[in-house]
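Have a look at the structure below, then the notes.
Bear in mind these aren't lab numbers, they're just calculated from the coordinates by the rules spelled out. Owing to the predicted nature of the structure, the values given are computational and were not obtained by experimental measurement. Neighbour counts run over all protein chains shown; Cβ positions are idealised from the backbone, glycine included.
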Amino acid sequence: MSKPLIRLKRKLTIENLWIYVIASLMIKPTYAYHVRKLIKEFFGFSPTTITLYSVIYRLKKSGLIKEELVSGERIYKPTEEGIKELEEALSFMEQTIKRLKEITHHARKQ
């Protein structure tokens, strides 16, 4: 795998972990340590624990996820604002990919 592709994969996964955290919490509101398992199961990569907890802290602080105590355990859920932010991010990525495909398809025909 080339260095540019390795960089791209890192930027689209670890460096934008918030997307995967919110998506995972939409699947199943859960404990912070279980989010890592969900990300591995659904998206095929495992963030480090410290990175994951840091992202969860920042998402909570910015109001994109919320914390509830259930039987003394912290359960995290996405907020409506978090879901909206995720939807906007996905729309941006879809538009970007669509445009890249259009451009490369057109260029190959020439």
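Structure notes:
- Only lysines eight or more places from K66 in sequence, or on another chain, were considered; those with a Cα closer than 21 Å are K28, K37, K77, K84.
- Extension gain (nm, one decimal) between S91 and S54, 0.36 nm per residue minus Cα-Cα: 10.8 nm
- Think of it as helices only: each DSSP H run of n ≥ 4 in the chain is worth -39500 (n - 2.57), and spread over all residues that comes to -22500 deg cm²/dmol at 222 nm.
- The convex hull drawn around the Cα atoms of the range 25-110, when projected onto a plane and averaged over every direction, covers 7.1 nm².
- Computed from Cα positions, the angle between helix 49-61 and the longest principal axis of the chain comes to roughly 80 degrees.
- Sequence-separation-based contact order of the range 1-63, relative, with Cα cut under 8 Å and 6+ spacing, percent: 32 percent
- Across the range 24-98, the relative contact order, built from alpha-carbon pairs under 8 Å that are at least six residues apart, equals 30 percent.
- Rounded to 10°, Cα long-axis angle of helix 80-109 versus longest principal axis of the chain: 20 degrees
- In this Cβ point-charge picture (+1 for Lys and Arg, -1 for Asp and Glu), the range 9-77 has a dipole of about 200 debye about its Cα centre.
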